[in-house]
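Single-structure report; data block below.
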Amino acid sequence: MVNNKMCICVREDRIMCRVGPDNYEMCLEEIGCEPMVHGGRTMKGYVFVDEEGYKKQKDFNRWIKLSLDYNEKLLV
């Protein structure tokens, strides 16, 4: 939680990133990225990224930045 909003979460060997609806489709094209499904429902704007997608430090930093940048937009 960042600013009382869901932002980033770790689940087993994946990270959940709230990237927002504008970045969602672009993110799904990335290696190791898949839609977040919760209770049988696809949560648009949220993605899971497995280790393949964040094993390099620069890739990990990018996912965190995407999530934090979207979180900032929610404050406006």
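Laboratory data are not the source of any read-out in this text; all were calculated from the coordinates shown. Owing to the predicted nature of the structure, the values given are computational and were not obtained by experimental measurement. We place every Cβ from the backbone using ideal geometry, glycine too, and count neighbours over all the protein chains shown.
Here is a list: Asn23, Asn3. Which entry is in contact (Cβ under 8 Å) with a residue 24 or more places away in the chain, surrounded by 11 or more Cβ atoms within 10 Å (Cβ to Cβ) and not basic (Lys, Arg)?
None of the others qualify; the one that does is Asn23.
Can you pull out every residue in the stretch 31-73 that is acidic (Asp, Glu) and within 9 Å of Arg18 (Cα to Cα)?
Passing the criteria: none in range.
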